[in-house]
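Student: There's a structure below that I have some questions on.
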Amino acid sequence: MRAACAARTPLVIRGGGSKDFYGNPCKGEPLDVTSCRGVVSYDPSELVITVAAGTPLMEVEQTLAAAHQYLAFEPPVHNEHATIGGAIATGLSGPRRPWTGPARDFVLGVDCINGRGERLKFGGQVIKNVAGYDVSRLLTGSLGTLGVILDVSLKVLPQAETEISLIADMPLDRARKFIQDWSGRPVPISGACYYQGNLRIRLSGYESAVMHTATVMGLTPEENTSFWQQLRHQSLDLFTTGGPLWRISLPVTATAPEDFQLMDWGGALYWSKTDMPAERLRDRVKSLGGHATLYRDNGLNVPRFQPLDNGLLALHQRLKAALDPSGILNRGRMYSEF
């Protein structure tokens with residue numbers, strides 16, 4: 001890192017490579033971090049695990065499952081090579097996100113190397129540990145443009161006592177109203193999506209609360225609950241077949257975008273394989289208060305992320321200049337400017 005900084009040599013940070021498709025292509029010398037692996041510390045009674053960034057996600061989840069705990073933000077595991085560092089660097093969260101929080105809410109501390117070749121520690125291993133800027137959460141979702149994560153401390157949660165899936169065939173407008181009505185109540189919802197004409201609700205928690213809510217909702221219990229794992233790990237046909245795939249984030253009260261195939265997060269996230277031109281789609285989504293990310297391009301040559309307005313772009317550039325002044329880390333991965 002110091003040699004690259006001195007020579008201003010661009011570096012492409014790479015772990016398991018399972019998320020190479022995400023973000024804009026960037027060129028540079030590869031920096032393999034997979035040798036940085038293993039559980040640094042884990043005390044189940046404290047609900048905190050510290051793990052090296054190159055550790056496979058499957059290994060982390062197996063360690064937690066042995067103590068009946070889990071990563072509540074449900075990061076997608078695209079294959080056996082996916083790492084915990086990649087999960088934090090991309091900041092991707094699964095269907096449980098609206099009810100438990102995004103990946104950044106579970107990051108307590110990070111040990112990293114910035115673009116100056118300096119080793120820095122932010123946060124710690126307890127929940128109330130931050131004074132000043134919370135840089136550990138800032139690194140979450142930055143796609144390696146601000147620093148190379150060495151290890152990360154995460155808050156984990158106990159596994160639910162009971163979990164069931166409910167399903168109902170209904171039109172979109174009725175499904176959205178159903179979700180909005182129930183989301184404001186104190187019920188154990190852990191997933192709400194709409195796919196192929198079906199509303200699916202997942203309930204997780206104490207058995208008495210889950211079974212009571214299921215009865216009152218009046219939806220049909222689904223015997224095969226593998227759908228939620230397929231949705232989390234993005235193994236449904238929607239994610240694996242050809243064609244550009246858009247990830248559209250919107251306020252839950254906004255009008256549904258045109259030509260979407262799946263609605264998740266209770267109406268805050270849509271997945272779409274639309275033929276609409278990128279600029280028109282992004283203008284439409286922006287007018288609704290959201291943004292559109294080209295998740296998988298499949299040959300569509302447009303910027304992956306929605307362009308930032310001038311004020312927000314300037315803030316991003318200042319952060320980049322502070323942590324990676326020579327611009328050597330994953331150059332161009334998020335935006336052409338950094």
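Student: List every residue whose amide H lies under 5 Å from the amide H of Gln261, counting only residues 5 or more places away in sequence or on a different chain, with H placed 1.01 Å from N in the peptide plane.
Tutor: Trp271, Ser272, Lys273
Student: What Rg and what Dmax come out for segment 1-157 when only alpha-carbon atoms are used, in angstroms?
Tutor: 15.0, 48
Student: Mind listing P(r) for segment 162-232? All alpha-carbon pairs, 10 Å bins, whole percents.
Tutor: Here the calculated profile for segment 162-232 is 20, 58, 21, 0.
Student: Between segment 1-55 and segment 167-237, how far is it from one alpha carbon centroid to the other, in angstrom?
Tutor: So the separation of the two Cα centres works out to 35 Å.
Student: Could you tell me what percent of the DSSP beta bridges with both partners in the chain are antiparallel, to the nearest 5? All intermediate terms of the calculation are to be shown ahead of the outcome.
Tutor: On the way: 54 of 59 bridges.
Around 90 percent antiparallel, to the nearest 5.
Student: Which of the trypsin sites (Lys or Arg not before Pro) across segment 1-106 are loop residues per DSSP, with 13 or fewer other Cβ within 10 Å?
Tutor: Passing both the DSSP loop test and the Cβ count: Arg8, Lys27.
Student: Across segment 80-93, in residue order, what do the Karplus-derived ³J(HN,Hα) couplings come to in whole Hz, using 6.51 cos²θ - 1.76 cosθ + 1.60 with θ = phi - 60° and x for Gly and Pro?
Tutor: Once rounded to whole Hz, the list reads 5, 8, 4, 10, 5, x, x, 5, 6, 5, 8, x, 6, 10.
Student: Pairs of alpha-carbon atoms within less than 8 angstrom and 6+ residues apart define the contacts here; what relative contact order does segment 247-338 have, in percent? Could the numbers behind the result be given before it?
Tutor: Working: 98 pairs, mean separation 21.1, N = 92.
In percent, rounded to a whole number, it is 23.
Student: Quick one: what are the phi-derived ³J(HN,Hα) couplings along segment 106-117, Karplus 6.51/-1.76/1.60 with θ = phi - 60°, whole Hz, x for glycine and proline?
Tutor: 9, 7, 9, x, 9, 10, 8, 10, 8, x, 8, x
Student: Which whole-number percentage describes the relative contact order of the chain, with Cα contacts under 8 Å and a sequence gap of 6 or more?
Tutor: The normalised contact order for the chain reaches 20 percent.
Student: Here are several values of Cα extents along the principal axes in Å: [x] 68, 46, 43; [y] 53, 43, 38; [z] 64, 51, 36. Which one was derived from the coordinates shown?
Tutor: Working out Cα extents along the principal axes in Å from the coordinates points to [z].
Student: Residue-wise, which Karplus ³J(HN,Hα) couplings in Hz belong to segment 200-212, taking 6.51 cos²θ - 1.76 cosθ + 1.60, θ = phi - 60°, and x for glycine or proline?
Tutor: Using θ = phi - 60°, the values come out as 10, 10, 10, 10, 9, x, 5, 4, 4, 5, 5, 5, 5 Hz.
Student: Next question. Between the DSSP loop rule and a limit of at most 12 other Cβ atoms within 10 Å, which GluC sites (Glu not before Pro) in segment 37-109 are left?
Tutor: Answer by residue number: Glu80.
Student: Taking the 0 to 90 degree range and rounding to the nearest ten, how far is the long axis of helix 310-323 tilted relative to the main principal axis of the chain, both from C-alpha atoms?
Tutor: In the chain, helix 310-323 runs at an angle near 50 degrees to the longest axis.
Student: List the residues whose amide H sits under 5 Å from the amide H of Val40, counting only those 5 or more places along or on another chain, with H placed 1.01 Å from N in the peptide plane.
Tutor: Thr50, Val51, Ala52
Student: How about segment 183-223: which GluC sites (Glu not before Pro) there are in a DSSP loop, with at most 15 other Cβ atoms within 10 Å of their Cβ?
Tutor: Details: sites: Glu207, Glu222, Glu223; in loops: Glu222, Glu223.
Sites meeting the loop and neighbour criteria: Glu223.
Student: Students often get this wrong, so check it: of Lys155/Lys286; Lys27/Lys155; Lys19/Lys273; Lys121/Lys273; Lys27/Lys121; Lys286/Lys320, which have C-alpha atoms separated by over 29 Å? Let's see the in-between values first.
Tutor: On the way: Lys155/Lys286 33 Å; Lys27/Lys155 34 Å; Lys19/Lys273 19 Å; Lys121/Lys273 41 Å; Lys27/Lys121 27 Å; Lys286/Lys320 25 Å.
Beyond 29 Å between Cα atoms: Lys155/Lys286; Lys27/Lys155; Lys121/Lys273.
Student: Quick check on segment 244-296: take the gyration tensor over C-alpha atoms, sort the square-rooted eigenvalues as a ≥ b ≥ c, and tell me if it's rounded (a/c under 1.5), prolate or oblate.
Tutor: Oblate shape, in that a/c is at least 1.5 and b/c is the bigger or equal ratio.
Student: Name the residues whose placed amide hydrogens come within less than 5 Å of the amide hydrogen of Ala72, ignoring near sequence neighbours (fewer than 5 apart) on the same chain.
Tutor: Leu157
Student: Mind pulling the angle between the C-alpha long axis of helix 278-287 and the longest principal axis of the chain? Nearest 10 degrees, somewhere in 0 to 90.
Tutor: Between the helix axis and the principal axis of the chain, the angle is about 70 degrees.
Student: Okay, moving on. Quick one: compute the contact order of segment 162-232, relative version, from alpha carbon pairs under 8 angstrom and 6+ residues apart, as a percent.
Tutor: For segment 162-232, the relative contact order is 43 percent.
Laboratory data are not the source of any read-out in this text; all were calculated from the coordinates shown. Not measured: the values here are computed from a predicted model. Positions of Cβ are backbone-derived with ideal geometry, glycine not excepted, and every protein chain shown enters the neighbour counts.
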